[in-house]
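Okay, so here's the structure we're looking at.
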Amino acid sequence: MDSQPGTLDLQLEIMAYGGDAMGRLPDGRAVFVPFGMAGERVRVRLTEEKKNFARGILVDILEPSKDRIHARCKHFGECGGCHYQHLPYEKQLEIKTEILIDQLRRIGKIDNPPVLPMVGCPDPWNYRNHVQFSLEETGKLGFLAPNSNEVIPITECHLPEPSVNGFWGQLEFEPGTDIERVSLRAGRDEDLMLLLESDSP
């Protein structure tokens with residue numbers, strides 16, 4: 001399949017720190033692609049080019065990884081809140097262990113770092129007691145798109161614990177409000193703290 005104008009096809013080689021998959025441009029530069037997986041052949045559109053690396057967005061998956069799964073959240077791939085929902089949880093832990101070992105080797109200069117396998121959560125869903133939203137121009141809550149200041153409005157999120165999830169959907173703000181960020185934190189007794197932030201004087 002020929003690539004479309006403004007896009008290029010490449011092989012993703014490894015998973016990088018931060019959740020992006022990394023491939024190589026024809027000139028050898030690394031290119032980082034959110035929501036890709038190592039081993040996949042993909043079509044990307046470059047969004048940023050630097051001397052030593054580039055960033056791109058996923059346009060199409062030409063050859064998917066056998067490990068790829070359907071993400072639970074309907075906003076995954078647009079919202080930048082999650083990086084790994086397209087991988088089974090066991091694979092996520094494996095990748096995070098590999099990334100840690102790579103960081104210790106390349107940055108820490110440790111030849112054979114004594115890293116034990118990553119320890120997972122009993123349940124990887126609805127465990128966070130703190131969440132910070134950004135506000136879209138219409139007053140809707142959302143998260144920032146990957147590598148962007150664009151706010152993606154959301155109607156569901158599977159990471160906050162139930163007391164937080166049961167509250168944030170009830171919040172409404174006027175369009176054009178000076179409020180820019182909304183933080184929610186749950187205490188051990190399920191009391192909630194709401195923090196409204198603004199950069200306006």
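Observations on the model:
- Annotation: of all residues in region 188-201 being surrounded by 10 or more Cβ atoms within 10 Å (Cβ to Cβ) and modelled with pLDDT under 90, the one that is farthest from residue 142 (Cα to Cα) is 190.
- Residue check for residue 63: modelled with pLDDT under 95 and not basic (Lys, Arg): no
- Residue within region 149-158 that is exposed (fewer than 15 other Cβ atoms within 10 Å of the Cβ), under 26 Å from residue 88 (Cα atoms) and among the charged types (D, E, K, R) present: yes
- Note on region 71-158: enclosed strands (runs of 3 or more DSSP E) holding 1 or more residues that are more than 25 Å from residue 22 (Cβ to Cβ) and out of contact with any Ser or Thr (no Cβ under 9 Å at 6 or more places or on another chain) are 130-135.
- Only residues that are hydrophobic (A, V, I, L, M, F, W, C) and either assigned by TED's automatic domain parsing to the domain that holds residue 34 or at positive phi (or both) were counted in region 134-170, giving 0.
- Checklist (1) surrounded by fewer than 17 Cβ atoms within 10 Å (Cβ to Cβ); (2) touching an Asp or Glu at 6+ places or on another chain (Cβ under 8 Å) applied to residue 90, failing item: (2)
Each row is one residue, and each column tells you yes or no for (1) over 19 Å from residue 9 (Cβ atoms); (2) in contact with a strand residue (DSSP E or B) (Cβ under 7 Å, 6 or more places away or on another chain); (3) surrounded by 18 or more Cβ atoms within 10 Å (Cβ to Cβ).
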residue: 50; (1), (2), (3): yes, no, no
residue: 61; (1), (2), (3): no, yes, no
residue: 65; (1), (2), (3): no, no, yes
residue: 70; (1), (2), (3): yes, no, no
residue: 79; (1), (2), (3): yes, yes, yes
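- The set of residues in region 1-60 that are touching a helix residue (DSSP H, G or I) at 6+ places or on another chain (Cβ under 6 Å) and aliphatic (A, V, I, L, M) contains only 15.
The values are calculated or read from the model by the stated rules, or taken from the named source; none is laboratory data. Nothing here was measured: the structure is a model prediction, and the numbers come from that model. Positions of Cβ are backbone-derived with ideal geometry, glycine not excepted, and every protein chain shown enters the neighbour counts.
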